[in-house]
Structure formats: C-alpha cells, structure tokens
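A.B. asks: Sharing a structure, written as structure tokens. Questions coming.
What follows draws every value from the coordinates through simple rules; no lab data is involved. Just so you know, these numbers come straight off a predicted model, no measurement behind them. Every residue, glycine among them, receives a Cβ derived from its backbone with ideal geometry; neighbour counts consider all protein chains shown.
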Amino acid sequence: MTLDKELKPCPFCGGAAKYEKIRESYDLEEFIECAYCGAQMSNYDESKGVEKAWNTRAYNKALTEAQERIKELKKENIELEKLAQQWHDDYKAITDGTDVIAKQALSTDKDKGE
C-alpha cells in the first residue's frame, strides 16, 4: 500500500522517495524507498516514525560554517569590486588630467616658439 506522505528527496541522490506500508500477517512494516537509487529506511524506530526519520538530516556544522563563510566572502568580493572600479575611475581621471596638463604645456611651449 502506497500512501502520500510529505517526504524529502533522497539524502544520497536527491531522487523522489516513496512510502510503502505492508501488512504481513500480524506484522506491519513501513518503509521508504528512493525511486531512483533504491536507498531504503524501515520502521526501525517506531517512536519516531519512518517518515520523520527519513526527513531528518544530520546537522553538518562544518558545511554550515563553510556556507556562511562563502556568503561573507561574496559580500567582501562585491565591496572589493566596487573599490577596484572606483580606483580605476580615479586613476583614469588623474591620467586624463595629466594628459590635458601636458598638452597645454606643449601648446604653450609652441606658442612661445620653444
């Protein structure tokens, strides 16, 4: 018997999971199986329920910390890109201004006959 349950994707491959309930004589077995890779979980912990156990994911502190650090680095990168653009614009303005001053000096020298 297949029932609709709200199940997370397979923790191994991301495939769709299906819930099965089988009654054999007096025993009731519940299990969840990935439709793609075949990973299974049965009602080993009846107090929790097989669907709750399937939907529970291990907390990986290192992964979470790495994801937070990536977010921080992305923000820093945006700020650095803004600074680099500002420095580029400032440098261009300075060099353009220097070119103007040099051209003015050359034209003044020509006017003087030098």
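A.B. asks: With each pseudo-label sitting 7 Å past Cα toward Cβ, what's the Phe31-Ala53 distance in nm, one decimal?
C.D. replies: Those two pseudo-labels are separated by 1.2 nm.
A.B. asks: If you stretched the chain out fully between Lys8 and Lys82, how much longer would it get, using 0.36 nm times the residue separation minus the C-alpha to C-alpha distance?
C.D. replies: Taking 0.36 nm per residue and subtracting the Cα distance, the gain is 22.6 nm.
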